[in-house]
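Quick one: the structure is below, and I'll ask about it shortly.
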Amino acid sequence: TCALPISINKNCLRINLNKNVDDKIRVWLSPQTSYASLSSNLIYEEKMEPGRPLMQYEKKSWGDHYTFKGKLTDWEKKFDYMKVCVSRPGLYTGTLLLENCKREGILVKGGIRQDTYKGNGVLLKTIHGEPLHKIVYQLNQDSENMVAELLNKNLGAYFESVPGTRKKGLKVLKDYCVNTIGLNPDSFSAGDASGLSLGNKLSASQLVQVLNFCYKRPEISNPFKNSLMKTGEHLKLSHINVPDYMKIYAKTGTLSSRGVNGIVGYIEFEGIRDIFAFAILANKRKPGKKPAYTGTLTDEFLQTIINSFSYYI
C-alpha cells in the first residue's frame, strides 16, 4: 500500500502540437498517460492575437477526456496557456506512478483507489521545500493558483489542525485579515485562496489597505514587493507610458470569461523614499464577443494615475 499526498506537474497536462504541410496540426498531451485521452479540431495561426480555443473535459472512471476546438495562435503559446488541468489530481498522480513502476519493471499488485489511510505510515523521506519568499515569488510571477491553494491549506494545518483543508485555511486567512489587518468583515469575504471563486468579495480600498500593511512591516515589505512583477522586467505595460524615473511593482489578474480585469501594486520613484500603493478593479458591464484580457480594462486607469504624479517630481 502506498499513500500519495503529492501532485505532479502542478496537476496539469501540457498541450503539444505539430503543424503539417497542409496546415493541419497534430495535437497530443504530455506526459502521455492512460489517464488522459483527447479529440481535437484545432486550427493554428502564426499571429499575436488571442485565438481563444474552446477547451472542455469530460470526467471518466479512468481519468479525463479532453476536447479542443477552434483557433490556436502564438499568443496562447507565449503566455503559456497551452495546458489543461486534471479533475482528480490523486488519480492522475497514482496513474503516472503505476505506469512508471511497470515501465521500470517493478511489480505492482492491485490498482488505484481513493480512501483515507488508517494504518501506521512509514516515513521514507523528508523533502524540504523552497523558502517561503521564493514560493510567493513563483506564485505572483506565474499566477500559480495551485500554489495559492496549497499555501492556504498549509495555513489551516499549521494554525488549526492536521490535515490542512481549504476551509481551515480560509478561517485563518479571514481572521488575520479582519483582526490584524483591520478589514471590515461586512464587506470582505474569501471563497478560495486563488481568487477564482465567486464567493470572493474585496474592494480596491481594502486591497490598498493590505498593500500598506505589508509595506510597513520590514519582515514582509521587501520579499513581498520583490515578488511582484516589475516594469522593465516581467511586467509588460505595452499601452502605458511609464516615465524613466518611475517603477511599478504590480500583480495583474484576469477572469476573461466574466470580463474582469485587476491590477494592484506599488508606484516607486527613483531617489525618493516615498512609495504609493494602488488598486484598480474593473468589470466589463456591456456584453460583447471579446472577453477581457489583462490590461484591456485597466490600462487607461493606470495611465491616469501615472500622469497625476507628474507634479511630484
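Looking only at segment 29-46, count every residue that is at pLDDT below 85, surrounded by fewer than 18 Cβ atoms within 10 Å (Cβ to Cβ) and not acidic (Asp, Glu) and tell me the total.
So the count comes out to 1.
Based on what the data block shows, is residue 225 among the charged types (D, E, K, R), part of a strand (DSSP E or B) and modelled with pLDDT of 90 or more?
Taking the combined requirement at face value, the residue does not satisfy it.
Residue under question is residue 186, and the condition is that it be over 28 Å from residue 229 (Cβ atoms), in a helix (DSSP H, G or I) and over 19 Å from the mean Cα position of the chain (by Cα); does it hold?
Spelling it out, it is not the case that residue 186 is over 28 Å from residue 229 (Cβ atoms), in a helix (DSSP H, G or I) and over 19 Å from the mean Cα position of the chain (by Cα).
Oh, and also: Has segment 223-236 got at least one residue that is among the small types (Gly, Ala, Ser), touching a residue at least 24 places away in the same chain (Cβ under 8 Å) and surrounded by fewer than 13 Cβ atoms within 10 Å (Cβ to Cβ)?
The answer is no, given that none of the residues of segment 223-236 is among the small types (Gly, Ala, Ser), touching a residue at least 24 places away in the same chain (Cβ under 8 Å) and surrounded by fewer than 13 Cβ atoms within 10 Å (Cβ to Cβ).
Still on this structure, please answer the following. Run residue 198 past the list (1) open to solvent by 30 Å² or more (accessible area, probe 1.4 Å); (2) closer than 17 Å to residue 277 by Cα; (3) under 18 Å from the mean Cα position of the chain (by Cα) and report the number of the one that doesn't hold.
Failed condition: (2).
Now a separate question. State which residue is surrounded by the most Cβ atoms within 10 Å (Cβ to Cβ) when the search covers only segment 98-130 and only residues that are modelled with pLDDT under 90 and hydrophobic (A, V, I, L, M, F, W, C).
112
I want to confirm something. Restricting to segment 49-99 and keeping residues that are in contact with a helix residue (DSSP H, G or I) (Cβ under 9 Å, 6 or more places away or on another chain) and hydroxyl-bearing (Ser, Thr, Tyr), which single residue is farthest from residue 29 (Cα to Cα)?
Applying the filter and picking the extreme gives 93.
What tally of residues in segment 18-73 results from selecting those that are of a type in the set (Phe, Trp, Tyr), in a loop (DSSP other than H, G, I, E, B) and more than 17 Å from residue 99 (Cβ to Cβ)?
0
Further, regarding this structure: Given segment 128-182, what helices (runs of 4 or more DSSP H) lie entirely inside it while holding 3 or more residues that are closer than 19 Å to residue 8 by Cβ?
It comes to 132-142, 145-159.
Name every residue in segment 139-189 that is touching a residue at least 24 places away in the same chain (Cβ under 8 Å), touching a Lys or Arg at 6+ places or on another chain (Cβ under 7 Å) and open to solvent by 40 Å² or more (accessible area, probe 1.4 Å), in order of residue number.
146, 166
Continuing with this model, one more query. Pairs under 6 Å by beta carbon, first residue over 22 Å from residue 309 (Cβ atoms) in segment 242-263, partner assigned to a strand (DSSP E or B) and open to solvent by 40 Å² or more (accessible area, probe 1.4 Å), six or more apart or different chains?
260/283
Restricting attention to segment 250-267, which residues are open to solvent by less than 10 Å² (accessible area, probe 1.4 Å) and more than 12 Å from residue 297 (Cα to Cα)?
250, 265, 266, 267
The values are calculated or read from the model by the stated rules, or taken from the named source; none is laboratory data. In this text, all values refer to a predicted model and were calculated from it rather than measured experimentally. Positions of Cβ are generated from backbone atoms using ideal geometry, with glycine treated the same way; all protein chains shown enter the neighbour counts. Side chains are part of the model used for accessible areas, which takes the heavy atoms of the whole protein and leaves out ligands, DNA and RNA. Shrake-Rupley method; radii C 1.70, N 1.55, O 1.52, S 1.80 Å.
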